[in-house]
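Asker: After the structure tokens below, expect a handful of questions from me.
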Amino acid sequence: MKKNDCPAKGGLGLLCAKFFLIMNGSILLILLSSLQVFALEGRSQQKIDLDLKGKTIVSVIKYIENRYQYRFFYNDNEELNSRKVDIYARKATIDDVMDNLLQHSTLSYKKMNSGMVVIVGHPSELVSLSVMGMVTDETGMPLSGVNIVEKGTTNGTTTGEDGSFSIKVANDDAILIVSIVGYTSREISVKDKDIKSIALQKEVNKLEEVVVVGYGTQRKKDLTGSVAQVSNKDLQAVPVYNVGEALQGRASGVSVAHNSGAPGSRVQVRVRGGNSMIGSNDPLYVVDGFPIAGGINFLNPADIESIDILKDASATAIYGARGANGVVMVSTKRGKGGARNEIGVNSYYGVQQTAKRFDMLDATHYAIVVNEFLKNDGKAPYFNLGDIQGPGTNWQDAIFRDAPVQNHTLSFSGLNDRTNYSMSGNYYQQDGIIINSGVKKGSFRLNLDHEIKSWLKIAVNLNLSRREQFTVPVDNGRRGNNMFSGALSAPPTSPVYDDNGLPVRIGEAYPFTDPGDMRNPMLWAKPYKNRTLANTILLNNAFTFKLTKELSFVSRIGLEYENSINDQFSPIIYPNDRGGASNSNTYWNSVLNEEVLTYEKLFSGGHKLTATGGFTYQTYMTRNAGISVSGFTNNNTENYNLGSAETINPPSSDISQWSLVSGLGRVNYSFLDRYFLTASIRSDGSSRFGKDNKWGVFPSGALAWRISEERFIKDQLPFINNLKLRASYGVTGNTALSPYQSLDRLSPVKYIYSGNTESVGYAPSGISNSQLKWETSNELDLGLDLGVFNNRLGVTFDYYKKNTKDLLASVPLPPSSGFGFILQNLGEIENQGLEFSVNADVLTGGFKWNAAAQVSTNRNKVLKIAGGSDIVTAGQTSGLPGYNLARVGQPLGVFYGYLEDGLDDKGMIKFVDVNKDNAITPLDRVILGTPYPKFEYGFNSNFSYKDVSLTVFLQGVKGNDIFFATAFTNLNSFQRTQNQFADLFGNYWTADNPNPNAKYPKLSSLTQMRPSNRFIEDGSYLRVKSVQLSYSLPVKRMKLGWLNYASIYVKATNLFTFTKYPGLDPEVNTRGSDSQSIEDRLFIGTDESGYPNARVFGAGIELRF
């Protein structure tokens, strides 16, 4: 054998004091770090422990690679695969191990400075030719530490800090092998014209990828739980304001619904269904280790490196009472290897348009309908049809517009051997496609990691955000009480403005209308204002102490802070208007302290143990105040001088606080990278619950068997690279309770005492329950992970069953108690489903094609309801009774109403007498449909050839129903004189044509409609969510030394939607609510004058310097 060496806890006050001390230290660290000079140091050698018998040389090499930071490069060789050795080493160097391993072989090795070990079968040839070049990544960034080896020899070198190399080879027939960990190796002839600038593609080894789990990280191949990962590229495929929107269709088991298409509107994310009737069903968001108390709309999607979604109980139980709805781990960008200092620019501009509009009656058809309506009610016609000219006013044109959206990010990043940083600024602006609506957001982020000592590291994460949102009333409009409903209901025979330039008073212009029902939508145009301005700070500091080689300790302290102001102004428009305004201010903060100890050790014989234990303490406090006024003399001061109003209503204010203290522990054990065990437990104590149930304990356990590591798989099915079976069971909780609900509560009451003097007293408003506790979920998960053909095809499958018990419910009390209800833990819900995802590198040559798909199904069922009786949603002010139902044995919130049976001889709707009692009563209602899809799916396909790439993303749902409540106003046979959808014309019952099967009943104010199958529509759809075509400029060939990467792209969002749904957008849930009233929360799957999602066409550019 020949060897060659290359040169190579004390109270809240103390907590706050500690927090501000660390914050000041963090600021000082930022200033000092900015003055440092970057310098790279070599890799330190690891000591190796081995005790292997009868193993091939290549098996020993793979064993070392799996457990230590060394990588090997070798050509396929008979001796490597056949020669078996016995090898023992204790705290040995890599040189000692290699000398021992190859001592009786004809092989030799060479150790590179980067840690790469090259094994060859014969010594190098004589050298006579000098070759120089540079190695970069696919974006043009120089790569240091890349191994350059002459093929078939031990002759080699590594690239310098600038990516350059120089090597002498035997002759011009030599082939260079270029390799580095994390990139696909290349063989290139010294004659090749690309030898001067060699670009390496990043290697995607899905098994070695790291995912973020609670209080740590794990390799994908070591996972025992169900975890889905969404990359930065996927997050930026669609321009969004809220990061939650970007998760849609990207991960199996994760459902995303828009309550509205309005910019900045609420996004509803569900992981494996909803578990609570009146508590939150949103997942817990953890940003860089900080459990977020508010939302994540302050984040810039471009700042996020990846999102890991913890779905099963074994993954989420480490978060205990907050893990029942899943946990979304958000990791923001940090400085990366290979990019010592980098400047990035990403700029996008697009135009939004309405993808669809309602087809309404035009002026002529409207006049005909009005006259028919008046005739049926015994009144004279109003319109002379000969006077109607043209189609009339299109009120949708008055409120809809083409609107710009823009998103610009400037970033800076870099690293050296001790410090890395990533800093960015972002500006986002989206005007709404409905006038007087839109959002603006500015944000700043700084992530700084610094190694102070070899045993101490600090990480500082700072996010600052300022957001401004303008809204107008659109969703859940009835007749003419908001802008969108008003536009749909307004008569096309009326102009928008009168001769004085004021909005026409529609309700007074036509005698057949009710002035309270018909309002001009332009009343909500400027100067009307509903503005929210919010400032958010997230500051998170973590100190990592390396106590021993195996033992580390992390101390984390952070602050989440938000202050928001809402201004509303209703202007004076007409002479007798009073005008009105309001102002409210909300402030809240959350302080976190975590102390976590981790022990990690690899034992001889292939045993690996990681144990984590810790303590966490988090507090939350919110305060708000508000005031409203009316009676202005003019619009000059808007809402900025409330004291000038005639009527000043009593101000309001309140405060609310909670705290959560927790202990946690987890053990991960693996044997031979083949058998895995995970066990965790967390104990949470919450101030929100009753004195008899302050604490809850949440255990979990999981097993996994990586069958692909067994000999019978390796020998018989070598194309299988990864086959793992997983099984887990765990208990998680949901803190579904607002503070103070377990206590007796008093509320102020104003009353008139003697002398007609107004006094204020306090009266009981809520009754205590010392037994109140968490809603508890018990979940079983069975999963399979498969990778074949060098992991070019990967499949993941999961089955889960989750039972949530002790659901909080409002239980009615007898009147003699003096209270209407009491909160108790009584209900139970079950969710079970299947999840399937696949990822394939279909083509990997010059033309590349990667495809990924996911599909999931969830079945929701109510098992127990407080009192055992059905619960139906409350009726609405429009006169429409409730139509969502909670019933044992059915999904929560199924649609409930009457079945229609044609028309009677008077043109009125007939309903089916289900119970045969000769009367139509609420007892005749039946289940009409379900708002839950049979399955949801997403498909992403990426094609690339040379510098051009095309990405297409499809997303959809199948099998859900929607309650089309908009039709109750605008397709009700003119019952309240609002304008109707064009489909009404010619399809209604008339005395001249008394068709009992007519689609619509008689045009009359006496026509009555109820929640029925008339309003149930199929909500299935397939949407071309995003299409992007990009071109990467050949900056190296263009000899632009100052530019590392440049790409231009065009993008279309919400390009096409294939659906039978008659509304504007099937992706809708306008009445989605966080109310703790079950009657309100049950409203699921409603579309009532919903703000539609926009179709967007845009272009952008990405640069890196």
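The values are calculated or read from the model by the stated rules, or taken from the named source; none is laboratory data. Every value quoted in this text rests on a predicted model; they were computed, and no experiment measured them. Cβ placement follows ideal geometry from the backbone for every residue including glycine, while neighbour counts extend to all protein chains displayed.
Asker: For segment 963-1001, how many residues are of a type in the set (G, A, S) and buried (at least 22 other Cβ atoms within 10 Å of the Cβ)?
Answerer: Total meeting the criteria: 2.
Asker: Just to be sure, is T136 crowded, with 20+ Cβ neighbours inside 10 Å, in contact with a Ser or Thr (Cβ under 8 Å, 6 or more places away or on another chain) and assigned to a strand (DSSP E or B)?
Answerer: yes
Asker: Looking only at segment 406-454, count every residue that is surrounded by 20 or more Cβ atoms within 10 Å (Cβ to Cβ), among the aromatic types (F, W, Y) and closer than 19 Å to I296 by Cα and tell me the total.
Answerer: The total comes to 1.
Asker: In segment 856-878, how many residues are of a type in the set (A, V, I, L, M) and surrounded by fewer than 18 Cβ atoms within 10 Å (Cβ to Cβ)?
Answerer: At the first step, the residues of segment 856-878 found to be of a type in the set (A, V, I, L, M) are 862-863, 865-866, 871-872, 874.
Then keep just the ones that are surrounded by fewer than 18 Cβ atoms within 10 Å (Cβ to Cβ); that gives 863, 874.
Looking only at that region, the number is 2.
Asker: Out of the residues in segment 249-259 that are surrounded by fewer than 24 Cβ atoms within 10 Å (Cβ to Cβ) and modelled with pLDDT of 90 or more, which is farthest from A228 (Cα to Cα)?
Answerer: V256
Asker: Here is a check on your reading of the model: is V370 buried (at least 22 other Cβ atoms within 10 Å of the Cβ) and among the β-branched types (V, I, T)?
Answerer: yes
Asker: When V749 is evaluated against the numbered criteria (1) in contact with a helix residue (DSSP H, G or I) (Cβ under 9 Å, 6 or more places away or on another chain); (2) at pLDDT below 95; (3) part of a strand (DSSP E or B), which criterion, by number, is the only one it fails?
Answerer: (1)
Asker: Considering only residues that are under 26 Å from F632 (Cβ atoms) and surrounded by fewer than 18 Cβ atoms within 10 Å (Cβ to Cβ), which ones fall in segment 529-538?
Answerer: R531, L533
Asker: Can you go through T598, T548 and tell me which one is over 28 Å from F444 (Cα atoms), hydroxyl-bearing (S, T, Y) and not in a strand (DSSP E or B)?
Answerer: Answer to the check: T548.
Asker: Can you confirm whether I180 is within 27 Å of N722 (Cβ to Cβ), modelled with pLDDT under 85 and of a type outside the set (D, E)?
Answerer: Working: within 27 Å of N722 (Cβ to Cβ): yes; modelled with pLDDT under 85: yes; of a type outside the set (D, E): yes.
For I180, the condition - within 27 Å of N722 (Cβ to Cβ), modelled with pLDDT under 85 and of a type outside the set (D, E) - is met.
Asker: Take segment 1057-1105 and flag every residue that is farther than 30 Å from R887 by Cα, among the small types (G, A, S) and surrounded by fewer than 20 Cβ atoms within 10 Å (Cβ to Cβ).
Answerer: Across segment 1057-1105, the qualifying residue is only A1099.
Asker: Here's another thing I want to ask about it. One residue is enough: does segment 395-409 have a residue meeting the conditions of a type in the set (S, T, N, Q) and within 29 Å of F968 (Cβ to Cβ)?
Answerer: yes
Asker: A further question follows. Could you look through segment 722-738, keep only residues that are surrounded by fewer than 18 Cβ atoms within 10 Å (Cβ to Cβ) and at pLDDT 90 or above, and pick out the one that is nearest to the chain's Cα centre (by Cα)?
Answerer: Selected residue: A727.
Asker: Please go through segment 440-454 and give me each residue that is assigned to a strand (DSSP E or B) and out of contact with any Phe, Trp or Tyr (no Cβ under 6 Å at 6 or more places or on another chain), ordered by number.
Answerer: If we filter segment 440-454 for residues that are assigned to a strand (DSSP E or B), which is where we start, we get 440-453.
K440, S443, F444, R445, L446, N447, D449, H450, E451, I452, K453 - these are the residues of segment 440-454 that are assigned to a strand (DSSP E or B) and out of contact with any Phe, Trp or Tyr (no Cβ under 6 Å at 6 or more places or on another chain).
For (1) outside any loop (DSSP other than H, G, I, E, B); (2) outside the structural domain of A967 (by TED's automatic domain parsing); (3) touching a Cys at 6+ places or on another chain (Cβ under 6 Å); (4) at pLDDT 95 or above, each residue gets a yes or a no:
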site	(1), (2), (3), (4)
K375	yes, yes, no, no
Y382	no, yes, no, no
G386	yes, yes, no, no
H408	yes, yes, no, yes
N420	yes, yes, no, no
